[in-house]
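Participant: Sending over a structure as structure tokens; questions will come in a sec.
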């Protein structure tokens, strides 16, 4: 089936550092979504990508839809304490389902 | 209004209880979803409603019973749950049935005792 492999599983960084994470699949996706989830809350949609090669920014966040359509990257520049959380990539599987990566847990040392 | 509202935020119930989780959205979205999320895991799809009709049931046990009274509301009725059903239950909605850009509620933290 369409599995999403997300890496790294966790990151421990200093405040101010840049962050990179990625998501890969053995199957082609037509859409890539990036969500952030904080403890006790639901996932919040950060960026949606619809076209191979697309590069989209949302503030300090930048995400790219890989040319092969089998991967996507999320970068966070100049991290701040409120960036802490779990970041999930997701993509549609079939007409009405979203499949999620296993998540990248981001911890920031002030 | 880009919110999906879930109530209650927390729920503790016994294995013989009957309870309901509620979800509401006013974005005009025609697809609504229930997901279950265990600790340190991604959300797992349970049910999909499209245009108020159940379109997907991911082989969920019958002790979970979804209901969509209208296009803005989604309920999840719970009966005779097991302790292993304790989890964060998330409701989501999307504009159509294409499952893109799903917006999630804050979830209901359910504990079964």
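A quick yes/no check of all residues on (1) outside any loop (DSSP other than H, G, I, E, B); (2) closer than 23 Å to residue B:41 by Cα:
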{"site": "A:12", "(1), (2)": "yes, yes"}
{"site": "A:17", "(1), (2)": "no, no"}
{"site": "A:22", "(1), (2)": "yes, yes"}
{"site": "A:40", "(1), (2)": "no, yes"}
{"site": "A:56", "(1), (2)": "yes, no"}
{"site": "A:68", "(1), (2)": "no, no"}
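Participant: Can you go through A:88, A:73 and tell me which one is at pLDDT 95 or above and closer than 30 Å to residue B:11 by Cα?
Facilitator: Answer to the selection: A:88.
Participant: Could you list all residues from segment A:9-36 that are within 13 Å of another protein chain (Cβ to nearest Cβ) and surrounded by 19 or more Cβ atoms within 10 Å (Cβ to Cβ)?
Facilitator: A:23, A:29, A:31, A:32, A:33, A:34, A:35, A:36 - these are the residues of segment A:9-36 that are within 13 Å of another protein chain (Cβ to nearest Cβ) and surrounded by 19 or more Cβ atoms within 10 Å (Cβ to Cβ).
Participant: May I ask you to list the residues in segment B:9-28 that are assigned to a loop (DSSP other than H, G, I, E, B) and either away from chain A (no Cβ under 13 Å) or buried (at least 20 other Cβ atoms within 10 Å of the Cβ) (or both)?
Facilitator: Correct list: B:14, B:15, B:16, B:17, B:26, B:28.
Participant: Another question, then. Of these, A:39, A:43, which one is surrounded by 14 or more Cβ atoms within 10 Å (Cβ to Cβ), within 14 Å of chain B (Cβ to nearest Cβ) and free of Cβ contacts under 8 Å to residues at least 60 places away in the same chain?
Facilitator: A:43
Participant: Given the options A:9, A:2, A:64, name the one that is modelled with pLDDT of 95 or more and in contact with a strand residue (DSSP E or B) (Cβ under 6 Å, 6 or more places away or on another chain).
Facilitator: Testing whether each residue is modelled with pLDDT of 95 or more and in contact with a strand residue (DSSP E or B) (Cβ under 6 Å, 6 or more places away or on another chain) leaves just A:64.
Participant: Mind listing just one residue for me: the one in segment A:86-110 that is more than 13 Å from chain B (Cβ to nearest Cβ) and either crowded, with 19+ Cβ neighbours inside 10 Å or not in a loop (DSSP other than H, G, I, E, B) (or both) and, of those, farthest from the chain's Cα centre (by Cα)?
Facilitator: A:109
Participant: Condition first: crowded, with 17+ Cβ neighbours inside 10 Å and within 14 Å of chain A (Cβ to nearest Cβ). Can you find one or more residues in segment B:75-84 that meet it?
Facilitator: No; the residues of segment B:75-84 include none that is crowded, with 17+ Cβ neighbours inside 10 Å and within 14 Å of chain A (Cβ to nearest Cβ).
Participant: Can you go through B:71, B:94 and tell me which one is at pLDDT below 95 and either under 13 Å from the mean Cα position of the chain (by Cα) or within 10 Å of chain A (Cβ to nearest Cβ) (or both)?
Facilitator: Result: B:94 is the single residue among B:71, B:94 that is at pLDDT below 95 and either under 13 Å from the mean Cα position of the chain (by Cα) or within 10 Å of chain A (Cβ to nearest Cβ) (or both).
Participant: To continue, here is another question. Got a number for residues in segment B:30-49 being closer than 17 Å to residue B:3 by Cα, more than 10 Å from chain A (Cβ to nearest Cβ) and surrounded by 19 or more Cβ atoms within 10 Å (Cβ to Cβ)?
Facilitator: Residues meeting the conditions: 2.
The values are calculated or read from the model by the stated rules, or taken from the named source; none is laboratory data. This structure is a prediction, so every number in the text was calculated from the model and none was measured. Heads up, the Cβs are rebuilt from the backbone with ideal geometry, glycines too, and the neighbour counts pull from every protein chain shown.
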